[in-house]
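Heads up: the structure comes next, in structure tokens.
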Amino acid sequence: MRLEARQISVRFGALAALASVSLDVQSGERRALIGPNGAGKTTLFNVIAGELRPASGSVLLDGRDVTSLPTWRRARMSVGRTFQRSALFPRLSVSENLELAVRRGALGGRRRAVPDRLAAAGLSAVAERPAVSLGHGEQRALEIELALACEPRLLLLDEPMAGLSGAERQAALARLRDLPRSVTLVIVEHDIDAVFAIAERITVLDHGVRIADGTPAEVRADPRVQEVYLGRS
Amino acid sequence: MNGLVFAGLVFLLAAGLSVIFGVMDVLNLAHGSFYMLGAYAAFAVVSRTGSFWLALLLGPLTVGLIGAVMELVLFRRLYQRGHLAQVLLSFGFTLVFVDLVRSWFGPRTYGIAPPPGLGGAFHVAGANFTKYDVFILGVSLLVGAALLVGWRLLKVGAVLRAGVSDKEMVGLLGIDLGLVFTLTFAFGAALAGLGGVVAAPFVAIHPAMDDNVLILALVVVVLGGLGSIEGALAGSLLIGLAYSFGTFYLQEFSIAIVFALMAAVLVLRPRGLFGIRT
Amino acid sequence: MPAVLLAVLISLPFWTPSRYWVSVAIQALILAVFAMSLDLLLGFGGMPSFGHAAFYGMGAYACGKLFPQLTGGGLLAFLAAGMAAGVIAALPIGALAVRARGIYFLMLTLAFAQMVWGLAFQWTSFTGGTEGMSGIPQAVPDWLQEQGQNVWPALRTAGPFYVVALTVAVLAFAGLTAITRSPFGRALEGIRENEGRMRALGYPTYRYRLAAFVIAAAFAGLAGATTALYNGYANPSQLYWHTSGLVLIAVIVGGTRSLLGAVLGAFFVTIVQLVISSYTEHWQLLLGAVFIAVVLFLPGGLISLGRLGWLRR
């Protein structure tokens with residue numbers, strides 16, 4: 001699925017969270033969105049997913065303007081996302097969590113897909129435990145699996161690696177690398193190694209403004225990026 | 001009763017409810033009970049000592065103390081569990097207080113006389129006022145002014161307002177939020193108790209008197225904006241007006257209109273008609 | 001456990017010492033239906049309504065207002081009218097109320113319910129005012145009235161309405177159980193747990209919440225119709241916020257997120273209200289104290305005690 005965000009602006013009171021930011025992601029592309037804290041990455045995700053109406057600008061999916069569609073409609077158009085802080089269903093079991101995801105907002109069947117999903121996420125052993133009782137790594141795995149279970153064609157990942165141990169990180173990375181090309185991937189991540197391992201193009205935001213956009217090599221060489229982002233960290 | 005006087009009385013209740021909500025995020029459904037306890041305290045003191053003025057001192061103190069104990073012993077346990085548990089807890093107390101009052105004083109209806117010197121009536125601009133009406137207005141205006149000034153100027157107000165907007169920040173500043181909450185709850189309870197004492201000379205004191213008053217105060221606080229003193233003041237005036245207007249012109253629908261107004265505000269302007277952005 | 005409870009309830013007319021206990025059981029069963037309907041909203045949907053009496057009362061008033069027309073249709077016509085009244089009231093109220101969350105939802109439902117109460121209380125020409133409406137027939141079907149007594153001799157003293165109340169309660173339990181276990185029920189729990197995630201998964205959460213609100217109102221209307229038939233009247237107290245509070249107590253004390261808990265709570269509240277009150281005046285103190293204790297120390301309600309016992313065995 002091709003994603004075009006055109007000149008998105010979002011204001012929170014006096015603060016310009018996003019100032020005319022554009023993002024054009026080709027179908028099947030792996031794109032990373034990086035920038036320091038407060039750059040507006042999650043805000044942009046919220047605009048793309050439909051949680052936030054931009055003050056101006058438009059969002060297009062496969063050429064169709066979805067700016068005024070609610071979140072759930074975009075989700076049904078195969079937009080999946082994960083959240084920076086795990087957004088699970090705490091008191092429901094892991095398999096109930098996934099059951100809600102594989103139904104994708106409908107009431108119909110497809111429950112049979114749940115065991116496969118559990119196995120793919122390595123969560124079969126804890127399937128009947130409430131999500132709240134999982135360890136952090138397992139919660140992150142479930143967080144990603146909830147999005148994947150919707151079989152998205154556009155997947156927005158908000159810091160999927162945050163807080164993971166080395167081994168968990170490798171597992172998550174492998175899971176993302178294995179995604180078919182039918183999935184377009186946009187990933188926000190602070191782990192630069194992971195970003196360079198996955199991304200084909202990188203977009204850099206700072207203070208709500210897009211300061212660079214290009215291949216990893218181009219972005220790495222960009223003096224503004226070095227000054228604003230890489231230099232600081 | 002005169003609509004303006006009615007507004008003054010309702011304000012005393014609404015202000016306490018609003019302060020408790022504003023600082024602690026607790027919707028205190030036992031607020032009507034505090035008012036009832038204040039009125040019974042007034043009756044108890046006046047029937048023993050004959051002094052209304054002593055009741056005016058002891059009533060709010062007693063009710064405030066009860067509020068402090070409730071907060072310290074019970075409400076405190078529920079801060080981790082969210083607001084609904086606290087609302088439910090306060091609702092449980094409405095049942096308990098009604099029965100306690102009935103077991104101490106019986107199901108009878110009591111009344112007390114206005115204090116000597118505040119008994120008479122007079123005319124102003126075609127309206128009938130008793131001296132006691134003026135007293136009520138005076139008390140509520142005094143309380144309103146003190147609250148407004150305190151809320152805005154004093155350090156207490158600053159801490160409280162910080163409590164409203166950012167609880168973690170207050171904690172970081174090293175202020176004992178637990179103490180602030182206890183005092184706030186006690187203060188709100190005492191205001192309701194004051195309302196009960198002040199109302200005692202002209203209402204029937206009986207175990208179901210908490211009921212209407214609670215709902216009215218809720219309406220006022222919602223109209224004015226939860227946690228806003230100015231809002232409570234304006235909301236009380238509006239309800240006072242609606243009260244005198246409704247009883248004369250729209251007898252069949254006056255109650256429904258008041259609650260329709262409350263619902264409309266909650267739907268359209270959850271911060272209240274007079275809600276002030278923090 | 002439901003089977004044991006059902007066996008006790010079915011056999012009740014055979015071993016109960018007097019008609020009085022059957023009347024207690026009838027009122028408990030009606031409150032149980034009402035409480036289960038609130039539990040769908042509060043326990044499963046996470047929507048704390050403090051105005052659920054509006055729909056209960058609407059169910060009762062529908063029977064009171066329409067009984068000349070409904071009598072020909074018999075029992076089912078009355079019960080259907082009660083449910084329909086709940087639905088009709090819940091559509092506009094719910095459309096506005098479910099936009100709000102938490103305390104605001106609580107206050108909004110309270111405001112709407114008090115508005116309905118105000119109309120019933122003051123609009124005397126249409127609603128009968130403080131007196132309400134009386135003379136509603138029990139509408140027990142003839143075959144039950146006549147044949148039931150031969151088959152089930154105990155009913156001669158117990159009153160055939162017990163069969164009606166028990167049947168309504170069992171059907172409501174079955175219906176609500178099916179709803180809570182359906183994909184819809186699971187989605188409702190998902191919304192309670194994390195509404196934002198549900199939207200991101202493609203669920204139109206507003207519609208789900210509204211649907212839950214309307215279904216809960218339908219069952220509350222059913223309970224209201226049943227109480228109107230049993231008592232023969234509809235009056236403003238059925239709409240008053242005390243009634244909303246009482247059913248809330250039943251659900252919390254019994255245990256939210258469990259229909260059986262709601263039933264248990266309804267029996268507890270009814271027994272305190274009707275039976276304990278004949279021994280002591282202070283039944284409200286007892287009820288309030290138990291309620292406070294449950295809120296503080298037993299968030300899962302009485303039903304969670306049973307679960308603990310089950311595990312230990």
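The values are calculated or read from the model by the stated rules, or taken from the named source; none is laboratory data. It should be emphasised that the depicted structure is a prediction, and the values quoted were computed from it without experimental measurement. Please note: Cβ atoms are built from the backbone with ideal geometry, for glycine as well, and neighbour counts cover all protein chains shown. Just so you know, the surface numbers come from the protein's heavy atoms only, side chains and all, with ligands and any DNA or RNA stripped out. Shrake-Rupley method; radii C 1.70, N 1.55, O 1.52, S 1.80 Å.
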- request: Give the distance, in whole Å, between the Cα centre of the range C:1-58 and the Cα centre of the range B:84-116.
  value: 29 Å
task: Name the residue farthest towards the positive end of the dipole of the range C:2-312 from the options C:SER277, C:GLN27, C:LEU302, assuming +1 on Cβ of Lys and Arg, -1 on Cβ of Asp and Glu, about the Cα centre.
output: C:LEU302
message: Using Cα springs under 10 Å in a Gaussian network model of chain A, which residue among A:SER20, A:SER133, A:SER78 shows the largest mean-square fluctuation?
response: A:SER133
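So which helices of chain B fit the span-like rule, where a helix is a whole DSSP H run, its Cα atoms reach 24 Å or more along the axis, and its mean Kyte-Doolittle is at least 1.0?
Numbers: long enough: B:3-24 (31 Å, 2.44); B:31-49 (27 Å, 0.71); B:52-73 (31 Å, 2.00); B:83-105 (33 Å, 1.33); B:131-153 (32 Å, 1.50); B:177-199 (33 Å, 1.98); B:229-249 (29 Å, 1.20).
Passing helices, by number: B:3-24, B:52-73, B:83-105, B:131-153, B:177-199, B:229-249.
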query: Quick one: Cα convex hull volume of the protein assembly as shown, Å³ per residue?
result: 195 Å³
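Based on DSSP H runs of at least 4 residues, each adding -39500 (n - 2.57), what is the mean residue ellipticity at 222 nm of the protein assembly as shown after dividing by all its residues, to the nearest 500 deg cm²/dmol? If you can, show how the numbers build up before the last one.
Numbers: 35 runs with 504 residues, N = 824.
After summing the helix terms and dividing by residue count, I get -20000 deg cm²/dmol.
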task: Restrict the search to the range C:242-313; then list the chymotrypsin sites (Phe, Trp or Tyr not before Pro) that DSSP places in a loop and that have at most 16 other Cβ atoms within 10 Å of their Cβ.
output: C:TYR279
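Quick check on the range C:180-313: take the gyration tensor over C-alpha atoms, sort the square-rooted eigenvalues as a ≥ b ≥ c, and tell me if it's rounded (a/c under 1.5), prolate or oblate. Please report the intermediate quantities before stating the final value.
Numbers: a/c = 2.33, a/b = 1.34, b/c = 1.74.
Cα axes put the range C:180-313 in the oblate bin.
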query: For chain B, modelled as a GNM with alpha-carbon contacts under 10 angstrom, which of B:PHE253, B:PHE105, B:PHE245 fluctuates the most?
result: B:PHE253
Phi to ³J(HN,Hα) by Karplus 6.51 cos²θ - 1.76 cosθ + 1.60 over the range C:73-85, Hz, x for Gly, Pro: x, x, 3, 4, 4, 5, 5, 5, 5, x, 5, 4, 4
query: For the range A:211-229 and the range C:163-241, what is the separation of their C-alpha centers, rounded to whole Å?
result: 56 Å
query: With chain A treated as a Gaussian network of Cα nodes joined by springs under 10 Å, which of A:ASP62, A:ASP222, A:ASP193 yields the largest mean-square fluctuation?
result: A:ASP193
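Probe of 1.4 angstrom, ligands and nucleic acids ignored: what's the accessible area per residue over the protein assembly as shown, in square angstrom?
Numbers: 33420 Å² over 824 residues.
Heavy-atom accessible area per residue stands at 41 Å².
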message: Over 23 Å apart: what share of the alpha carbon pairs of chain B falls there, rounded to a whole percent?
response: 53 percent
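Please give the charge dipole size of the protein assembly as shown, origin at the Cα centre, charges +1 on K and R Cβ atoms and -1 on D and E Cβ atoms. Round to the nearest 20 debye. Intermediate values should be presented prior to the final figure.
Working: 62 positive and 46 negative charges, 174 e Å.
In debye, rounded to 20, the protein assembly as shown gives about 840.
Quote the total accessible area buried by chains A and C together, excluding ligands, DNA and RNA, probe 1.4 Å, nearest 100 Å².
Details: alone 10970 and 14740 Å², together 23550 Å².
Approximately 2200 Å², summed over both chains.
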query: When the Karplus curve 6.51 cos²θ - 1.76 cosθ + 1.60 is applied with θ = phi - 60°, which whole-Hz ³J(HN,Hα) does each residue of the range C:36-46 get, with x for Gly and Pro?
result: 4, 5, 5, 5, 4, 6, 7, x, 8, x, x
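Could you pull out the trypsin sites (Lys or Arg not before Pro) across the range A:62-93 that fall in loop regions by DSSP (anything but H, G, I, E, B) with no more than 13 other Cβ atoms inside 10 Å?
On the way: sites: A:ARG64, A:ARG73, A:ARG74, A:ARG76, A:ARG81, A:ARG85, A:ARG91; in loops: A:ARG85, A:ARG91.
Loop-located and lightly packed - A:ARG85.
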query: Can you list the residues of the range A:69-103 that have at least 50 square angstrom less accessible area with all protein chains present than in their chain by itself, probe 1.4 Å?
result: A:TRP72, A:PHE89, A:ARG91, A:LEU92, A:LEU100
query: Whats the longest run of chain B with zero trypsin sites (Lys or Arg not before Pro) that are DSSP loop and have at most 12 other Cβ atoms within 10 Å?
result: B:109-276
message: Suppose we compare each residue of the range C:192-223 in its chain alone and in the full protein complex with a 1.4 Å probe; which ones drop by at least 30 Å² of accessible area?
response: C:GLU193, C:ASN194, C:ARG197, C:ARG199, C:ALA200, C:LEU201, C:GLY202, C:TYR203, C:PRO204, C:ARG207, C:TYR208
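Count the net charge of all other residues whose Cβ sits under 13 Å from the Cβ of C:VAL272, scoring Lys and Arg as +1 and Asp and Glu as -1. Kindly include the intermediate steps, with their values, before the conclusion.
Numbers: positive: none; negative: B:ASP99, C:GLU281.
Summing Lys and Arg as +1 and Asp and Glu as -1 gives -2.
Based on the alpha-carbon gyration tensor of the range C:2-312, what equivalent-ellipsoid semi-axes (square roots of 5 times the eigenvalues) come out, in whole Å, largest first? Could the numbers behind the result be given before it?
On the way: eigenvalues 169, 119, 74 Å².
In descending order, the three semi-axes are 29, 24, 19 Å.
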- request: Would you please give the residues with an amide H less than 5 Å from that of A:ASP206, counting only those at least 5 places away or on a separate chain, with H modeled from the backbone geometry?
  value: A:ILE211
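Counting DSSP beta bridges in the protein assembly as shown, what percent are antiparallel, to the nearest 5? List each step's numbers first, then the result.
On the way: 27 of 43 bridges.
Here the share of antiparallel DSSP bridges comes out near 65 percent.
Using +1 on the beta carbon of Lys and Arg, -1 on that of Asp and Glu, and nothing else charged, what's the dipole of the range C:2-312 about the Cα centre, debye to 20? Provide the component values of the computation, followed by the final result.
Values: 15 positive and 8 negative charges, 175 e Å.
Computed about the Cα centre, the dipole is about 840 debye.
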- line: Between the alpha carbon centres of the range B:218-241 and the range B:1-72 the gap in Å comes to 17 Å
- prompt: Using a 1.4 Å probe, how large is the accessible area of C:ASP142, given in Å² and rounded to the nearest 10?
  reply: 110 Å²
